[in-house]
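Peer 1: For reference, the structure I am asking about is given below.
Quick note: the coordinates plus some simple rules give every number you see, no bench work behind them. Only a predicted model underlies this, so the values are computations on that prediction, with no experimental measurement involved. Cβ: placed from backbone, ideal geometry, glycine included. Neighbour counts: every protein chain shown.
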Amino acid sequence: MNYKVIIPVRLNSTRLPRKPLKDINGKTLLERVVEQVKKSKANSIHVATDSEEISELCDQIEVNSILTSKDHETGTDRVFETCTKLKLDDDEVILNVQGDEPFIDPNDIDNLAYLSHSSKANIATLYTKLTDDEFHDRNVVKLWVESSNKISDFSRDVDHLIPDQAKKHLGIYAYRYEFLKSFVNWDQSANELSRNLEQMRALDNGQPIFGFEAVGKIHLGVDTQLDLEKAIEIAKNLK
């Protein structure tokens, strides 16, 4: 099974500026993400960034980086530019691993790649259970998955569909490159804009998204100072 990982990273995030460089118990956020991805079976790993400073950090932590345009509106656009520079074949599977997930389980990366291959999915993602404090948190994206592993919908509102059936969406995607070329050329859809959820562009264009349950135990995206403080405490307790 062959697949490539691309980690889109920008330096100036709105809620937590310069977050890839934030220290988490002795290692930067980006370094922790890269360390986890290196434990997977990916054939190659590239950090896609618009920042020379991030590129220099990548040299220090021994991971390939590709400089991309500063004008991209989304991480997916940055991933696509990286794919074009890597000159990938249409049937190659790419995993978009977010650069703010310091504890992502490498087994989840491998599993998503395997399930994407075996199901012939053009786009697939992961989910886990919602915790009590995440249930009504609109910063936490929810999804509803059918018995066929197809995702029926995404929302920030747990009452959008049946609340007890809602799952927490995890920000990792597997794409086939041929699909990604189509996706970035579609106009932003109405649901994408109203919900501020890029994945709705796929559903609104009739493209099914497959969802699989994660096996990892720690699911923390570092978006705010509070998230960073949580990550530091978690890292202190890791063996």
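Peer 1: Could you go through the stretch 164-172 and let me know if any residue there is outside any loop (DSSP other than H, G, I, E, B) and over 20 Å from Gly221 (Cα atoms).
Peer 2: Yes, the stretch 164-172 contains a residue that is outside any loop (DSSP other than H, G, I, E, B) and over 20 Å from Gly221 (Cα atoms).
Peer 1: Within the stretch 93-100, is there a residue that is out of contact with any Asp or Glu (no Cβ under 8 Å at 6 or more places or on another chain) and acidic (Asp, Glu)? Explain how you work it out, then say what you get.
Peer 2: Taking the stretch 93-100 and keeping what is out of contact with any Asp or Glu (no Cβ under 8 Å at 6 or more places or on another chain), we get 93-99.
Next, from what is left, pick out any that are acidic (Asp, Glu): none.
The answer is no; no qualifying residue exists.
Peer 1: Restricting attention to the stretch 37-60, which residues are under 25 Å from Gly216 (Cα atoms) and touching a strand residue (DSSP E or B) at 6+ places or on another chain (Cβ under 8 Å)?
Peer 2: Val37, Lys38, Ser40, Ala42, Asn43, Ser44, Ile45, His46, Val47, Ala48
Peer 1: Among the residues of the stretch 184-196, is there at least one that is in a helix (DSSP H, G or I), in contact with a Leu (Cβ under 8 Å, 6 or more places away or on another chain) and within 18 Å of Ile151 (Cβ to Cβ)?
Peer 2: The answer is yes, given that some residue of the stretch 184-196 is in a helix (DSSP H, G or I), in contact with a Leu (Cβ under 8 Å, 6 or more places away or on another chain) and within 18 Å of Ile151 (Cβ to Cβ).
Peer 1: Being farther than 17 Å from Asp227 by Cβ and either among the hydrophobic types (A, V, I, L, M, F, W, C) or in a loop (DSSP other than H, G, I, E, B) (or both) is the requirement here; does Leu30 meet it? Break it down stepwise before answering.
Peer 2: Working: farther than 17 Å from Asp227 by Cβ: no; either among the hydrophobic types (A, V, I, L, M, F, W, C) or in a loop (DSSP other than H, G, I, E, B) (or both): yes.
Taking the combined requirement at face value, the residue does not satisfy it.
Peer 1: Looking at the stretch 100-146, which of the residues that are assigned to a strand (DSSP E or B) and of a type in the set (A, V, I, L, M) is surrounded by the most Cβ atoms within 10 Å (Cβ to Cβ)? Walk me through how you get there before you give the answer.
Peer 2: Within the stretch 100-146, the first condition is being assigned to a strand (DSSP E or B), and the residues that meet it are 123-128, 142-145.
Narrowing the set further to residues that are of a type in the set (A, V, I, L, M) leaves 123-124, 126, 143, 145.
Working: Ile123: 21, Ala124: 25, Leu126: 27, Leu143: 24, Val145: 21.
Looking at residues that are assigned to a strand (DSSP E or B) and of a type in the set (A, V, I, L, M), I get Leu126.
Peer 1: Look at the stretch 75-111 and say how many of its residues are touching a Lys or Arg at 6+ places or on another chain (Cβ under 8 Å) and acidic (Asp, Glu).
Peer 2: Qualifying residue count, the stretch 75-111: 6.
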